[in-house]
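Q: Here it is: the structure, laid out below.
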Amino acid sequence: MYAVIVTGGKQYRVGPDDRLTVERLAGEVGAMIALDKVLMIGEAGQAPVVGKPTVPKAAVFAEILAQEQGDKIVVFKKRRRKNYRRRVGHRQELTRLRILGVSPTGEAPAFAPSAAKAEASPKAPAKKTAGAAAKPAGKTKAKSKSKAKE
């Protein structure tokens, strides 16, 4: 079974176990959300159900895998010969989803949070405390002594 949904002003064709990235949706990592703007529901061998504009009671259930930001986009404006330049950076906030199921009646599927939290949060790099202690202390003293002799 598949569905066509609307979120963030865009339309997506989704099915169970699909993974997609959409514009930021409210919710914590690992939580289940319901996307209720379903435009169409289809199944293999059957005619699709098309909504006017949406299918009543239908919902798509998804698990939030990560809340992240997209790549940086640089917006540069310029007016030639006018000494006008503006540079602005932007990173779109995104939500990664895993589709749990498509329901024409709006019933939520059985949900057990996956190991998305381990996948979503990368391990923090180890602190480098040995780097500060590894600096040779003798060289700075040697230079100061040589300057003092001159």
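Residue-wise test of (1) part of a strand (DSSP E or B); (2) more than 23 Å from LEU97 (Cα to Cα).
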| site | (1), (2) |
| --- | --- |
| ASP17 | no, no |
| VAL22 | yes, no |
| GLY27 | no, no |
| ALA47 | no, yes |
| GLY70 | yes, no |
| VAL74 | yes, yes |
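Q: Moving on. Taking the conditions exactly as written (under 13 Å from the mean Cα position of the chain (by Cα), of a type outside the set (D, E, K, R), in a strand (DSSP E or B) and closer than 15 Å to VAL102 by Cβ), does LEU65 satisfy them or not?
A: Numbers: under 13 Å from the mean Cα position of the chain (by Cα): yes; of a type outside the set (D, E, K, R): yes; in a strand (DSSP E or B): yes; closer than 15 Å to VAL102 by Cβ: no.
So LEU65 does not fit the description; no.
Q: Consider ARG81 carefully, then state whether it is without any contact (Cβ under 8 Å) to a residue 60 or more places away in the chain, surrounded by 13 or more Cβ atoms within 10 Å (Cβ to Cβ) and among the basic types (Lys, Arg).
A: On the way: without any contact (Cβ under 8 Å) to a residue 60 or more places away in the chain: yes; surrounded by 13 or more Cβ atoms within 10 Å (Cβ to Cβ): no; among the basic types (Lys, Arg): yes.
The answer is no for ARG81.
Q: Report, by residue number, each residue of segment 31-48 that is at pLDDT 90 or above and either among the β-branched types (Val, Ile, Thr) or at positive phi (or both).
A: ILE33, VAL38, ILE41
Q: Sort out which residues of segment 36-63 are crowded, with 19+ Cβ neighbours inside 10 Å and over 14 Å from THR7 (Cα atoms), and write them in order of number.
A: If the condition is that a residue be crowded, with 19+ Cβ neighbours inside 10 Å and over 14 Å from THR7 (Cα atoms), then ILE41, VAL55, ALA58, GLU63 are the ones that fit.
Q: For segment 97-104, check the following and say yes or no: at least one residue is part of a loop (DSSP other than H, G, I, E, B) and modelled with pLDDT under 90. Lay out the reasoning, then the answer.
A: Filtering segment 97-104 for residues part of a loop (DSSP other than H, G, I, E, B) gives 104.
Add one more test, that the residue is modelled with pLDDT under 90, and what stays is 104.
The answer is yes; a qualifying residue exists.
The values are calculated or read from the model by the stated rules, or taken from the named source; none is laboratory data. Nothing here was measured: the structure is a model prediction, and the numbers come from that model. Cβ sites come from the backbone with ideal geometry, for glycine too, and all protein chains shown count toward neighbours.
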